[in-house]
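What follows is a set of notes on a single structure, which appears directly below.
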Amino acid sequence: MAKSTKKKKYAAEKVLDNLNETAYKAENFFEQHSKVIISILGVVALAAIGYFVYLKTVVEPKSEKALKEMVQADDYFKQDSMNLALKGMPGNFLGYEQIIKEYSGTKGANLALYKAGIAYYKLGDYASAVSSLEKFSTDDKILTAQKYGMIGNALTDSDKSEQAIPYYVKAAEETDIEVLKTMYYTKAGKIAIELGNNEEALNYFQILEQKYPNAGNGEVAKYIERLKYATGVN
């Protein structure tokens, strides 16, 4: 028992010695390199402060200006005058295209990307619609779902239905609003049926049924019944 106690005591002392040695080395390292460490921390702090100042004095005012510039373009957008909303009127007001270029990196320009995407889509310029919407980013789940849904629509209308399916699925996955989720999964399912991918289509409709048993006022259940018959699934 005495030997065991001594061993434990020795082991504990050894651990303490190692900790003290580590602490000493760390302290010694800091003393030797204190100027460099302080300089690095100072640079990091200055960079953080500089970025904050940049946001407050440059980015935010620029973004506010972009949003103000967009007011007239929005008016024409609401009137369904998409060309004017996109191109603006030189010397009078800026359109979405100019706002995106001149106020790049701001919230205003980002919002202009979304609106420009819709405008391009309504004008039948599907490639520009997809490009603009892909660049738009937001934390808003509904807007994200609508963004992917619009990209899906643009691809479908430009005879790229197969490429549209993943975007409709993304749109459906981004929202828990029953109407939107049903619409996007149904679009994906219908295209899959047209392409002869019945098992894939069945999967989309079953996902809907599991979450919303009466999705589409019973239409989803009908699709499932037909697809189960077509695929031989019980």
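Please treat every number below as a calculation from the coordinates, not as lab data. Since we're looking at a predicted model, the values are computed, not measured. Note that we place each Cβ from the backbone using ideal geometry, even for glycine, and neighbour counts take in every protein chain shown.
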Check your understanding: With labels modelled as points extended 7 Å from the Cα through the Cβ direction, what inter-label distance (nm, one decimal) is found for Val233 paired with Lys122?
Key -> 3.9
Review point. Along segment 191-208, what does the Karplus equation 6.51 cos²θ - 1.76 cosθ + 1.60 (θ = phi - 60°) give for ³J(HN,Hα), rounded to whole Hz, x for Gly and Pro?
Key: 5, 4, 5, 4, 8, x, 9, 5, 5, 5, 4, 4, 4, 5, 5, 5, 4, 5
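Hey, fewest Cβ within 10 Å first, where do Tyr184, Tyr114 land in order?
Ordered from fewest to most neighbouring Cβ atoms within 10 Å, Tyr184, Tyr114 come out as Tyr114, Tyr184.
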Practice item. Within 10 Å, count the other beta carbons around each residue, average over each peptide in 188-194, 81-87, and list them highest first. Key: 188-194, 81-87
Practice item. Please list the non-local residues whose amide H lies under 5 Å from the amide H of Gly88, H modeled 1.01 Å from N, same-chain partners needing a gap of 5 or more. Key: Gly95, Tyr96
**Study point:** Efficiency of FRET between Asn217 and Ser131 - r from beta-carbon atoms, R0 45 angstrom, step 0.05
**Key:** 0.80
Check your understanding: If you count, for each residue, the other Cβ atoms within 10 Å and average over each peptide, how do 197-205, 158-166 line up from highest to lowest?
Key -> 197-205, 158-166
Study note, to complete from the structure: Given pairs Lys170/Lys190; Lys160/Lys211; Lys147/Lys222; Lys170/Lys228 and cut-off 27 Å on Cα-Cα distance, the over-length ones are Lys160/Lys211; Lys147/Lys222
Review point. Please state the relative contact order of segment 52-176 as a whole percent: Cα pairs under 8 Å, 6+ residues apart?
Key: 17
Check your understanding: Considering only the other residues whose Cβ falls under 13 Å of the Cβ of Thr156, what net charge follows from Lys and Arg at +1 and Asp and Glu at -1?
Key -> -1
